[in-house]
Amino acid sequence: MKHLLLLLVFFQLTFAALACERYDRKSYRHWVDEDRDCQNARHEVLLEESQGGVSFKTSKGCRVIAGNWLDPYSGRLITDASQLDIDHLVPLKEAHESGGYAWDAQTRQAYANDLRDPNHLIAVDRSLNRQKGARDPAEWLPPNPNYLVAYAQAWVDVKRKWGLTADAKEIVALRQLLGSQAQLPRQAPEMNCSGQADTVVPKLPAAGVTVTCGSKRYCKEMTSCSEARAFLTQCGLSRLDRDKDGIPCESLCR
């Protein structure tokens with residue numbers, strides 16, 4: 001019976017990997033100007049993170065071209081904005097394959113332009129960011145040793161906030177940096193999203209739900225899928241996901 005259950009879980013995961021929508025960077029619309037002040041998200045980050053005054057391309061003050069940025073990945077001071085990328089600390093492709101594949105367009109755009117969390121979007125050395133690509137902490141870490149713990153903690157915070165999962169190797173790497181007692185994202189295999197956009201996949205709730213751990217314990221107490229997902233990811237209530245398919249309280253989340 002145990003082997004049969006394991007086989008069923010395997011087929012569920014395999015089907016999900018085939019079914020989830022293929023990653024397309026364009027589906028995560030980024031560098032938008034939400035407050036319509038002519039500075040899009042990239043330039044908002046450059047303006048916020050410069051350690052001193054900045055220079056703009058024109059008198060309109062829309063595009064930052066120079067300033068003083070301490071790149072956390074290398075530890076170097078950079079003054080030319082063209083030498084900087086704005087990095088999604090948890091890359092868009094990584095987010096997609098860790099749960100974002102089930103987000104709607106509005107949630108994807110919110111993730112791609114999140115300015116509320118100072119560690120979500122960061123100005124970093126362009127060449128190091130492109131070296132990093134979509135790799136997780138098991139595959140790539142910043143060369144600056146003084147930033148490793150902060151990087152790992154920021155990675156965890158972003159994933160937990162947005163209800164994203166982490167694969168087994170990722171969990172090992174994070175524990176090595178943060179210690180065995182650190183609260184980490186829920187562990188689940190990373191998806192290999194190669195399916196079609198119109199394939200039906202389980203819906204994930206909107207991000208940003210915060211709950212008080214211990215206040216509720218069972219699916220019958222949950223009022224929405226978002227709440228159930230938050231209790232699963234933030235409080236580790238594994239009883240909400242008895243079949244271990246990553247979806248809590250199926251009656252609410254299907």
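Computed from the coordinates by the stated procedures, all read-outs in this text should not be read as laboratory data. All figures in this text were calculated on a predicted structure; none of them were measured in a lab. Methodologically, a virtual Cβ is constructed for each residue, glycine included, from the backbone with ideal geometry; neighbour enumeration extends over all protein chains shown.
Computed from Cα atoms, the angle from the helix 168-178 axis to the main principal axis of the chain rounds to 60 degrees. Angle of helix 225-235 to the longest C-alpha principal axis of the chain, folded into 0 to 90 degrees and rounded to 10: 80°.
Quick one: if you stick a label point 7 Å off each Cα along the C-beta vector at SER251 and ARG130, how many nm between them? Between SER251 and ARG130, the label points sit 5.4 nm apart. Model label sites at ASN192 and GLN83, defined 7 Å from Cα along the beta-carbon direction, differ in position by 4.1 nm. The relative contact order of the chain, computed from alpha carbon pairs under 8 Å that lie at least 6 residues apart in sequence, is 21 percent. In this structure the amide hydrogen of SER55, modeled in the peptide plane, comes within under 5 Å of the amide hydrogens of ILE65, ALA66, GLY67, none closer than 5 places in sequence on its chain. Between ARG22 and ASP35, the modelled label-to-label distance comes to 3.9 nm, taking each label 7 Å out from Cα in the direction of the beta carbon. For SER238 and LYS60, what is the calculated FRET efficiency with R₀ set at 41 Å and r taken between the beta-carbons, to the nearest 0.05? Using R0 = 41 Å, I get an efficiency of 0.20. Between helix 148-161 and the chain there is an angle of about 60 degrees, using the helix long axis and the longest principal axis of the Cα atoms. Estimated from helical segments only, the mean residue ellipticity of the chain at 222 nm is -10000 deg cm²/dmol, where each DSSP H run of four or more residues counts as -39500 (n - 2.57).
Pairs of Cα atoms nearer than 8 Å and 6+ residues apart set the relative contact order; for region 24-148 it is 27 percent.
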